[in-house]
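The structure appears below as structure tokens.
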Amino acid sequence: MPLDKLPDYDQLAPAPHGGRSGWGVFGSDDSIGLLNLLTPERVLAASKLVRQGKVFALNAEVDAFSPAISSPRGLPQRREIHRDGTIYFDDAYDNFNPQGSSQWDSLGHVGYSVNAFYNGATEEDVATGRRNTIDHWARRGIAGRGVVLDMVRTLTDVGRSYDPGSSVGFSVSDLELARHRAGMDFGPGDIMILHTGFSSWYRDQPLSVRAALAEHTTTPGLQSGEEMCRYLWNLQISSVVSDTFAVEVTPLDLEAADATGFLHRMLIGQFGMALGELWWTEELANDCAIDGVYEVFIVSAPMNVRGGVGSPSNALAIK
């Protein structure tokens, strides 16, 4: 498939459990997905967005989300390695889950349906690391143009009440409102940076609130449904990253009869779209509000673990 123009969503073949299929767009054995759109030419163009030399680290602390929002993941425990009287220190981490804080979901994280992962990969393909695992991205790296959609300021500007600790679903019209507010258009391969205010809100909450959230997840994010799938595919973006849990609104409808009711199944399992969750976007969003520049150069180095499912984001935004 030429990388200058993807087929429109409605030109894609219908998928058996709802939505449409992006399988085969980049070849039958592809494990990269829409990050294929980050061509050398687009990376070079994005690098020219660096005009001020401002660098924004988009990584929360590895134990920032405590108790763990997704409880089976747990929290990392750091062990210091040092012998008194020596000149060196090392450390090690126990119970380290690479998706516990600012992270990437690989294309092996969630399938479209049982034994049907992105581009037709099987459960065995993912389990053995042959297809769709994080090392396929790590070996190429991630770099490109990021566009910031500040949902906090957008909703405030139009007089809508907004609680970043609640289940607010952002519609296509909400995203378009934020895009127009930023004065930006999306281009092929761009990275949508969705600022919801959740991570900074979470940091300021007492333990009782954070513990309740770990048990009953209520976080803002993208609305599910085919309209959202059509919109995101037709933008031709490579990825959506957010400062909230799951990118899409929670609670998640894990048993949705139609796959478009659980966006992970479509965005990862059918489109091959990279999703980044719990990124730290507060300072970046504040700076965009000050200088009016909502496009940045994004660089990220996923952890190179053969067969790995997720990775810390290791991401920077540069203006």
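Coordinate-derived values only; no laboratory data. Quick caveat, the model's predicted, so the values are computed rather than measured. Glycine gets a Cβ as well: all are built from the backbone with ideal geometry, and neighbour counts include every protein chain shown.
Below is a table of values for the structure above.
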{"item": "Counted charge near LEU275, where neighbours are those whose Cβ lies closer than 12 Å (Asp, Glu -1; Lys, Arg +1)", "result": "-2"}
{"item": "Chain lengthening between ALA214 and ILE81 when straightened (0.36 nm per residue, less Cα-Cα)", "result": "44.7 nm"}
{"item": "Share antiparallel - DSSP beta bridges, the chain, percent rounded to 5", "result": "65"}
{"item": "Neighbour-count order for THR217, THR128, THR196, fewest beta carbons within 10 angstrom listed first", "result": "THR128, THR217, THR196"}
{"item": "Beta bridge orientation in region 200-319: antiparallel %, DSSP, nearest 5", "result": "55"}
{"item": "P(r) histogram, all alpha-carbon pairs of region 264-319 included - 10 Å bins from 0, percent", "result": "19, 40, 31, 10, 0"}
{"item": "√(5λ) per eigenvalue of the Cα gyration tensor, region 38-129, largest first, Å", "result": "31, 27, 15"}
{"item": "With at most 16 other Cβ atoms within 10 Å, longest stretch of the chain clear of loop GluC sites (Glu not before Pro) (DSSP)", "result": "62-254"}
{"item": "Per-residue Cβ neighbour rank within 10 angstrom, fewest leading, LEU213, LEU222", "result": "LEU213, LEU222"}
{"item": "Relative contact order (%) - criterion: Cα under 8 Å, at least six apart; region: the chain", "result": "31"}
{"item": "Rounded, prolate or oblate (a/c below 1.5 giving rounded, otherwise prolate when a/b exceeds b/c) for region 1-60 by Cα gyration tensor", "result": "prolate"}
{"item": "Distance cut-off 27 Å, percentage of C-alpha pairs in region 192-319 lying past it", "result": "24"}
{"item": "Summed side-chain charge close to GLU226 - residues other than GLU226 whose Cβ falls under 11 Å, Lys, Arg +1, Asp, Glu -1", "result": "-1"}
{"item": "HN-Hα J in Hz across region 258-272 - Karplus 6.51, -1.76, 1.60, θ = phi - 60°, x for Gly and Pro", "result": "9, 4, 5, x, 10, 4, 4, 4, 7, 5, 7, x, 10, 8, x"}
{"item": "With eigenvalues of the C-alpha gyration tensor scaled by 5 and rooted, the chain, Å", "result": "28, 24, 22"}
{"item": "Eligible aspartates and glutamates near LYS319 by straight Cα distance, threshold 18 Å, same-chain separation 8 or greater", "result": "ASP150, ASP185, ASP190, GLU282, GLU283, ASP287, ASP291, GLU295"}
